[in-house]
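S.K.: For reference, the structure I am asking about is given below.
The values are calculated or read from the model by the stated rules, or taken from the named source; none is laboratory data. Everything numeric here is computed off the predicted structure, so don't read it as measured data. Every residue, glycine as well, gets a Cβ built from its backbone with ideal geometry; the counts of neighbours run over all protein chains shown.
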Amino acid sequence: MTDERTYHFNVIRRAIDAIDAAETPLGLEELAANMQMSPAHFQRVFSRWVGVSPKRYQQYLTLDHARAMLRERFTTLETAQAVGLSGGGRLHDLFLTWEAMAPGDYARAGAGLTIRWGWFDSPFGPALVMGTDRGLCGLGFAAETGPEATLADLKSRWPEAHYVEDAETLAPMVAAAFGETPDGAARLHLIGAPFQIKVWEALLAVPTGHVTTYSEIASAIGNPRAVRAVGTAVGRNPISWLIPCHRALRKSGGLGGYHWGLPVKRAMLAREAAQAEA
């Protein structure tokens with residue numbers, strides 16, 4: 001990241017931390033003063049990074065909003081799959097295609113596989129991206145966990161693979177993944193156990209601005225009693241954001257957990273909700 005982008009990201013991270021810690025919504029002037037910026041400048045920087053204004057972001061963080069999403073934007077996955085919202089369809093504003101690794105290959109823990117990796121800017125802070133010749137296989141965020149922990153985490157998924165730092169080769173896939181190339185297709189290479197892949201495929205059927213529940217995912221994959229196992233598989237999703245595990249909520253409307261930190265999940269849901277209403 002450039003020095004300016006690093007500075008702005010740190011400002012936004014501190015602002016989101018302050019918002020999370022506050023018992024009541026914080027006004028623009030108060031937030032800007034805490035960040036030692038003018039209100040107008042802070043609003044521009046925050047909106048560029050998060051995708052919505054500070055006021056709008058705080059509205060989307062409430063439990064009431066999560067519950068409203070479940071009432072008004074709940075996606076029945078069986079219906080979504082029946083009408084073609086899976087596979088090569090149009091998914092959360094990106095054209096995604098994917099290929100799953102054979103179970104035998106997965107069992108070998110990535111042996112014989114070359115995985116390229118690199119760091120990129122993203123709307124949610126520094127993003128670690130990994131990919132094979134078949135497509136992106138890993139996408140994690142370091143805002144809450146830190147770069148070293150994020151890199152170690154994703155590498156541990158496929159410990160026998162050969163890793164090569166090569167951001168240049170990944171750059172076109174990353175541009176497609178974040179919608180910077182309108183005609184580009186984001187290709188995914190799903191590397192996981194068969195049950196995990198079924199869960200991740202179900203997540204891919206959840207449209208932008210909508211949410212689902214862990215129990216709904218369990219029903220959609222034909223195993224309604226496997227709610228806890230589904231939750232584990234959601235948490236082990238290696239391609240965050242593109243496989244939208246952030247759209248999975250508890251039945252109560254609670255956000256549940258998020259592997260890369262709840263502030264990142266909140267920012268993702270807030271950004272998508274705002275875009276869906278735009």
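S.K.: Can you tell me which residue within the range 110-130, out of those that are modelled with pLDDT of 85 or more and closer than 14 Å to Gly192 by Cα, is surrounded by the most Cβ atoms within 10 Å (Cβ to Cβ)?
M.R.: Step by step, filter the range 110-130, then rank; the result is Leu113.
S.K.: Filter the range 240-268 down to residues that are of a type in the set (Gly, Ala, Ser), at pLDDT below 80 and either outside the structural domain of Ser215 (by TED's automatic domain parsing) or crowded, with 18+ Cβ neighbours inside 10 Å (or both), then give me how many there are.
M.R.: 3
S.K.: Do any residues in the range 136-148 that are farther than 8 Å from Ile239 by Cα and modelled with pLDDT under 85 have Cβ atoms under 7 Å from those of residues that are among the aliphatic types (A, V, I, L, M) and outside any strand (DSSP E or B), where the two are at least six apart or on different chains, and which pairs are they?
M.R.: Hits for this filter: Ala143/Val264; Glu144/Val264.
S.K.: Which numbered condition in (1) in a helix (DSSP H, G or I); (2) at pLDDT 95 or above is the only one that Leu170 fails?
M.R.: All conditions pass for Leu170, except number (2).
S.K.: Which ones in the range 149-170 are hydrophobic (A, V, I, L, M, F, W, C) and either crowded, with 21+ Cβ neighbours inside 10 Å or touching a residue at least 24 places away in the same chain (Cβ under 8 Å) (or both)?
M.R.: Leu151, Leu154, Trp158, Ala161, Val164, Ala167, Leu170
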